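**Student:** Quick one: the structure is below, and I'll ask about it shortly.
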Amino acid sequence: MKIKHTSEFLREEREGYIFVLPALIFMLAFVGYPIIYNFILSFRDVSVMTISQEVKPFIGLKNYIEVFKDPTMKISIWNTFVFTIGSISIQFVIGLALALFLNLKFKFAQPIRGLMVVSYLIPMTVTALLFKFMYSTSGGIINELLMSVHLISKPIGWIISGNTSMLSVILTNSWVGIPFNMLLLTTGLSNISYTLYEAAQVDGANVIQRFFRITLPELKPAILSVLVLGFIYTFKVFDLVFVMTNGGPVNSTELMSTFAYKLSFTQFSFSKGATVANVLFAILFCVSLGYLGLIKDEEVIG
Amino acid sequence: MKKRVFNEKQKNIILCSIAVVMACIMLFPIYWIVVSSFKTNAEIFASPPTFIPKVFTFSNYTEQFVGKNSILIAFGNSCKIATSSMVLSCLLAVPAGYGLARFKMRGKKIFIISFLVTQMLPVTLILTPMFLVYKNLQLLDNSLAPILSDSTIAVPFVVLILRTYFLALPKELEDAAKIDGCTTFTSFTRIMLPLSYPGIIMTAAFSFLFAWGDLAYSLTFLSTPAKRTMTAGIYNFMGQYGIQWNKIMAYGVLLVLPVVLIFIFLQKYIIGGLTNGAVKG
């Protein structure tokens, strides 16, 4: 009996592997291998000078030391955190407000929620250029609107001035991220049992008490995963900043992702680009592990 | 009683108006890209700005189609790359999603977690090593390079979404198919695939959109202008002719148009797909 069970299991396993392996091998070749290759690159000297050599010299930690000596690296790490935390705070607060509001029962709630998702679907390159236009000093609608209500007297160089450029890209990225936050939080809200609110109402709890005593605690798992996922997706943002400011002016919006790109494809020091990308990866990897811990036995891995 | 009904109605009107105002603010940038794409060069820089163009011009659009830098070339490239990436991703990922949903196997948890983690990887991590790999394989400036790399974004997404989709389909259907003489493979192609087609269409559309919106891979791996995609085209547009916002916005509208069409077409499948069940109870 036992032997039969085992052979059946093996047969099933074999069939399962036939279905899964093509995708798995593809991902190993085009994602797994590059990650390892990237790691190896960061310990070698690969640049325009050495690219045609058969053997690229092994230089140990030299890339890491040089990259961390570069002041731009420190700025880009700092900026990446500012950008990420700024973006997820704004996205989360507005996303939660929208989710709560559209969770009320009224006619337009459903279609409007659907419409808002559109900003999430627009290619990042288009969003970046659109906002670049709206921020511009001549003909930019944001400056024109602020001037018409007399908040400012002359146009602000939103993305061409180092003081406001980070804020500008954060706001743009938040615009993209709000629907994502709203949708995930809406799902979380719909899982809260209505009887809890009824009971609270009977006990005489007001709106604010109900929000802090029921909604927030019940929403905690959804909030956690929104924040962690938001962190991961924002931390690696590339195209938006690349197109809007390309890290400028004077590194004020330089992120680790744009810095890595610049090292590899503007300065052609591939191993340094790989090194910066590796540091970015290491930070993301730690956060991802945390995320996996969160969802460990939940729906995703059932 | 009557008063209460009236109040509900009032409440509904107030909430609806707030919602409409909020939607207008949120969606204003989308309105702005469309409006600006119809403005003349003079009107684009007019102060105060016009919210409806005084002079409607279509030349921002028509000019994109003439000359050797015609948008049609980039459109063709984008279609080719996005469609190929969609087909490749689905060919690989649909069976994998099914395999991870239906079969007991060792290492399953690790497979699922790896698909989950690859979704979180930054593009820049893959960019440098793959550039060198494609260089060695002489695939640089070949549209196969972005097709392959775009698919690495779509495959894990399709696998994970369709896995939950297949999990939700009743197992009895397969058992019945097996009794009727189907092999595992034929029950997959004849029973499970047709049943899950709304999910497959939805994930296929998303994998198309991932590749359609990609800038980093196509910009890095393709250097010949005639091979470039629309995203790379609009990016280069900026530097090439100085800042002609009305033309850039028109290009942007043309780039977003397929996305909007897919979105409208897709909604039906998202709603219909989740509620369809073959066996009730």
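The values are calculated or read from the model by the stated rules, or taken from the named source; none is laboratory data. Just so we're clear, the structure is a prediction, and the values are computed from it rather than from any experiment. Methodologically, a virtual Cβ is constructed for each residue, glycine included, from the backbone with ideal geometry; neighbour enumeration extends over all protein chains shown.
**Student:** Find the helices (runs of 4 or more DSSP H) located wholly in segment B:147-222 whose residues include 1 or more that are farther than 20 Å from B:Leu92 by Cα, and list them.
**Tutor:** Passing ranges, in order: B:171-179, B:197-213, B:216-221.
**Student:** For B:Thr124, state whether it is over 19 Å from B:Gly213 (Cα atoms), of a type outside the set (Gly, Ala, Ser) and either surrounded by 24 or more Cβ atoms within 10 Å (Cβ to Cβ) or within 21 Å of the chain's Cα centre (by Cα) (or both).
**Tutor:** It is false that B:Thr124 is over 19 Å from B:Gly213 (Cα atoms), of a type outside the set (Gly, Ala, Ser) and either surrounded by 24 or more Cβ atoms within 10 Å (Cβ to Cβ) or within 21 Å of the chain's Cα centre (by Cα) (or both).
**Student:** Looking only at segment A:248-265, count every residue that is surrounded by fewer than 24 Cβ atoms within 10 Å (Cβ to Cβ) and either farther than 25 Å from A:Phe43 by Cα or facing another protein chain (nearest Cβ under 9 Å) (or both) and tell me the total.
**Tutor:** 6
**Student:** When you go through B:Val94, B:Val20 one by one, which is the residue that is under 30 Å from A:Met182 (Cα atoms), surrounded by 15 or more Cβ atoms within 10 Å (Cβ to Cβ), among the β-branched types (Val, Ile, Thr) and facing another protein chain (nearest Cβ under 10 Å)?
**Tutor:** So the residue among B:Val94, B:Val20 that is under 30 Å from A:Met182 (Cα atoms), surrounded by 15 or more Cβ atoms within 10 Å (Cβ to Cβ), among the β-branched types (Val, Ile, Thr) and facing another protein chain (nearest Cβ under 10 Å) is B:Val94.
**Student:** Is it fair to say A:Phe268 is surrounded by fewer than 21 Cβ atoms within 10 Å (Cβ to Cβ) and in contact (Cβ under 8 Å) with a residue 60 or more places away in the chain?
**Tutor:** Yes, satisfied.
**Student:** Additional query: Please specify each residue of segment A:118-138 satisfying the condition of being outside any helix (DSSP H, G or I) and touching an Asp or Glu at 6+ places or on another chain (Cβ under 9 Å).
**Tutor:** A:Pro123
**Student:** Which one of these does B:Lys109 not meet: (1) within 7 Å of chain A (Cβ to nearest Cβ); (2) under 30 Å from B:Glu174 (Cβ atoms); (3) surrounded by 22 or more Cβ atoms within 10 Å (Cβ to Cβ); (4) not β-branched (Val, Ile, Thr)?
**Tutor:** For B:Lys109, the exception is condition (3).
**Student:** Let me ask you something else. Which condition number in (1) modelled with pLDDT of 90 or more; (2) part of a helix (DSSP H, G or I); (3) under 28 Å from B:Ser114 (Cβ atoms) is the one that B:Ala232 fails?
**Tutor:** Against the list (1) modelled with pLDDT of 90 or more; (2) part of a helix (DSSP H, G or I); (3) under 28 Å from B:Ser114 (Cβ atoms), B:Ala232 comes up short only on (3).
**Student:** Only one of these is surrounded by 15 or more Cβ atoms within 10 Å (Cβ to Cβ) and either more than 8 Å from every other protein chain (Cβ to nearest Cβ) or of a type in the set (Ser, Thr, Tyr) (or both): A:Ile75, A:Ile65, A:Ile25, A:Ile35. Name it.
**Tutor:** A:Ile75
**Student:** Find the helices (runs of 4 or more DSSP H) located wholly in segment A:42-117 whose residues include 3 or more that are without any contact (Cβ under 8 Å) to a residue 60 or more places away in the chain and closer than 30 Å to A:Thr186 by Cβ, and list them.
**Tutor:** Correct list: A:71-102, A:109-116.
**Student:** Next question, about the same structure. Which one of the conditions (1) among the charged types (D, E, K, R); (2) without any contact (Cβ under 8 Å) to a residue 40 or more places away in the chain; (3) crowded, with 18+ Cβ neighbours inside 10 Å does B:Lys9 fail to meet, given that it meets all the rest?
**Tutor:** Failing condition for B:Lys9: (3).
**Student:** Can I ask one more? Might you check whether a residue that is under 25 Å from A:Phe81 (Cβ atoms), touching a residue at least 24 places away in the same chain (Cβ under 8 Å), surrounded by 22 or more Cβ atoms within 10 Å (Cβ to Cβ) and away from chain B (no Cβ under 12 Å) occurs anywhere in segment A:147-164?
**Tutor:** Checked against the condition, which is being under 25 Å from A:Phe81 (Cβ atoms), touching a residue at least 24 places away in the same chain (Cβ under 8 Å), surrounded by 22 or more Cβ atoms within 10 Å (Cβ to Cβ) and away from chain B (no Cβ under 12 Å), segment A:147-164 yields at least one hit.
**Student:** For segment A:178-212, enumerate the residues that are touching a residue at least 40 places away in the same chain (Cβ under 8 Å) and β-branched (Val, Ile, Thr).
**Tutor:** A:Ile178, A:Thr186
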